[in-house]
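Below is one structure, written out as structure tokens, with a few remarks after it.
The values are calculated or read from the model by the stated rules, or taken from the named source; none is laboratory data. Since this is a predicted model, take the numbers as computed values, not measurements. Heads up, the Cβs are rebuilt from the backbone with ideal geometry, glycines too, and the neighbour counts pull from every protein chain shown. Only protein heavy atoms, including side chains, enter the accessible area calculation; ligands, DNA and RNA are left aside. Shrake-Rupley method; radii C 1.70, N 1.55, O 1.52, S 1.80 Å.
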Amino acid sequence: MPSSSNAESTAFRSALEVIRAVEPRVADAIGAELADQRESLKLIASENYASPATLLAMGNWFSDKYAEGTVGRRFYAGCQNVDTVEALAAEHARELFGAAHAYVQPHSGIDANLVAFWAILADRVEAPALKRAQARHVNDLTEADWFTLRRELGNQRMLGMSLDAGGHLTHGFRPNISGKMFDQRSYGTDPTTGLVDYDKVAEAAREFKPLILVGGYSAYPRKVNFRILREIADEVGATFMVDMAHFAGLVAGKVFTGDFDPVPHAHIVTTTTHKSLRGPRGGMVLCGPELAEQVDRGCPMVLGGPLPHVMAAKAVALAEARRPDFADYAQRIVANSQALAEGLLRRGATLVTGGTDNHLVLIDVTGYGLTGRQAEQALLDSGIVTNRNAVPQDPNGAWYTSGVRIGTPALTTRGLGTDQMDETAELIHTVLSQTRPGSNADGTPSKAKYTLEPAVSERIAKQASDLVAGFPLYPTVDLG
Ligand SMILES: *Cc1c(COP(=O)(O)O)cnc(C)c1O
């Protein structure tokens with residue numbers, strides 16, 4: 001690579017030099033991470049590559065600041081510059097998504113969901129209890145009323161998409177705090193089509209009467225009709241929350257519009273900022289004026305102090321997402337995903353729902369005689385980075401699984417297009433069709449072991465790295 005003296009190369013090189021003087025192994029690891037990312041064919045549906053401006057906005061003095069509170073109303077002095085970036089991030093978010101209110105402090109997607117859950121509980125359970133007791137503040141409640149309220153807060157119902165249909169752990173599943181907070185039930189997908197069955201969702205909602213109906217997913221390859229889900233929520237008196245962590249970039253880029261845009265239909269929307277939205281690692285909550293005040297109490301209710309450096313980076317990334325070229329990017333993500341799906345189908349792969357209309361494809365690898373775990377590892381040996389994922393009614397459970405989830409946001413950021421997706425489909429299919437399930441020492445079939453000729457994995461790895469080499473990652477950044 002020619003040595004380059006542009007601003008981005010200079011910035012990153014200088015930063016590494018400063019770090020190297022203190023702990024060279026950290027500088028080396030940072031450099032190695034860029035090199036690894038440049039070489040790999042990354043198909044992890046939840047990952048992306050943030051812009052140099054976004055990355056640089058995170059490495060500075062904002063990290064030193066405590067800024068509990070909200071813009072203009074801080075519990076700490078000297079927050080005028082934090083106010084500037086937090087207000088900018090929120091303004092960009094409101095404009096980009098057409099939301100009345102944006103809360104940009106959540107540190108991650110899980111945190112954004114916690115903020116939303118507690119805003120809803122405060123609005124629907126705590127506020128009425130305070131009113132009944134004629135108290136203005138929880139501190140004014142008697143011990144007996146407080147005891148009753150705490151029991152009530154911990155016994156509310158949530159209805160969300162099941163994990164194996166593509167829902168997320170934070171939507172009321174037991175290993176996550178949401179499952180301990182809520183009495184949860186889930187809706188699945190139609191066993192023949194693999195699609196959300198709205199009549200079944202309505203049936204479950206009528207019977208269960210949840211306080212919160214959750215829409216959103218991390219492994220469902222289709223559009224969801226949020227208008228219909230809102231009608232269901234209204235019918236049963238539920239608050240409708242959408243977690244768009246995975247597909248926020250497709251909403252921002254106006255690929256999901258009308259019934260498929262959650263923002264006009266949901267009472268509250270949560271998201272990450274680092275997946276298809278291509279920003280810094282973080283989260284965000286959007287809502288109407290009714291829930292705004294409760295949402296703004298996220299810190300210190302469930303969040304630690306805000307991360308002003310990350311809010312600065314959110315402001316930069318959201319400004320980028322408002323530019324016209326982001327809509328073009330979002331469209332290319334889906335075009336690539338569909339090209340990848342078609343390429344795989346043409347070669348005989350089985351896909352959950354038979355295709356995709358978003359950024360991800362879920363391959364049912366039982367068609368290749370493999371578990372998700374075997375497929376994921378064989379692909380990784382061959383330079384293709386994916387992750388295993390359950391498929392609906394998964395016979396192999398949540399650990400081994402029967403699926404591999406692949407997504408196109410990251411490769412699309414690098415500039416790969418539909419022709420390269422066909423080539424990618426060929427590489428994936430070759431690996432999966434050449435991999436054989438292995439057996440345990442006692443001869444029983446193993447869900448983890450497999451065999452793949454080293455010559456095949458080496459050849460595919462070479463082809464994969466040649467493929468991405470044509471689309472340099474961070475082309476403006478040369479670490480020398
Ligand atoms: C990724 C994801 C999250 C969690 O985001 P983190 O930033 O890892 O906390 C939450 N919900 C959904 C639907 C996700 O896909």
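Tell me, which helices (runs of 4 or more DSSP H) wholly within segment 395-464 include 1 or more residues that are in contact (Cβ under 8 Å) with a residue 24 or more places away in the chain and open to solvent by less than 50 Å² (accessible area, probe 1.4 Å)?
Filter on segment 395-464 gives 409-414, 418-434.
Considering each residue of segment 211-228, count those that are more than 16 Å from ALA165 (Cβ to Cβ), more than 16 Å from the ligand (Cβ to nearest atom) and open to solvent by less than 40 Å² (accessible area, probe 1.4 Å), and give that number.
So the count comes out to 1.
A quick yes/no check of all residues on (1) open to solvent by less than 20 Å² (accessible area, probe 1.4 Å); (2) part of a helix (DSSP H, G or I); (3) away from the ligand (no atom under 16 Å from the Cβ):
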| residue | (1), (2), (3) |
| --- | --- |
| ARG230 | no, yes, yes |
| ASP234 | no, yes, yes |
| SER276 | yes, no, no |
| VAL285 | yes, no, no |
| GLN294 | no, yes, yes |
| MET311 | yes, yes, no |
| VAL316 | no, yes, yes |
| ALA330 | yes, yes, yes |
| ALA335 | no, yes, yes |
Next item on the list: Could you tell me which numbered condition THR54 fails, if it satisfies all but one of (1) in contact with a Pro (Cβ under 7 Å, 6 or more places away or on another chain); (2) open to solvent by 60 Å² or more (accessible area, probe 1.4 Å)?
Entry: (2)
Margin query: Test of understanding: among THR366, THR356, which residue is of a type in the set (Ser, Thr, Tyr) and assigned to a helix (DSSP H, G or I)?
Written below: THR366
Item checked: Filter result for the condition that a residue is on the phi > 0 side of the Ramachandran plot, touching a residue at least 24 places away in the same chain (Cβ under 8 Å) and either in the same structural domain as PRO210 (by TED's automatic domain parsing) or more than 16 Å from the ligand (Cβ to nearest atom) (or both), over GLY109, GLY98 -> GLY98
Check: Which of the following residues is surrounded by fewer than 24 Cβ atoms within 10 Å (Cβ to Cβ) and in contact with a Ser or Thr (Cβ under 6 Å, 6 or more places away or on another chain): HIS246, HIS267?
Finding: HIS267
Next item on the list: May I ask you to say which residue of THR239, THR272 is among the hydroxyl-bearing types (Ser, Thr, Tyr), within 16 Å of the ligand (Cβ to nearest atom), modelled with pLDDT of 95 or more and buried (at least 16 other Cβ atoms within 10 Å of the Cβ)?
Entry: THR272
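Would you check which residues across segment 71-108 are under 29 Å from LEU250 (Cβ atoms) and of a type in the set (Ser, Thr, Tyr) and list them?
If the condition is that a residue be under 29 Å from LEU250 (Cβ atoms) and of a type in the set (Ser, Thr, Tyr), then TYR103, SER108 are the ones that fit.
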Check: Taking segment 350-383 as the region of interest, how many residues are under 20 Å from SER337 (Cα atoms), in contact (Cβ under 8 Å) with a residue 40 or more places away in the chain and surrounded by fewer than 24 Cβ atoms within 10 Å (Cβ to Cβ)?
Finding: 6
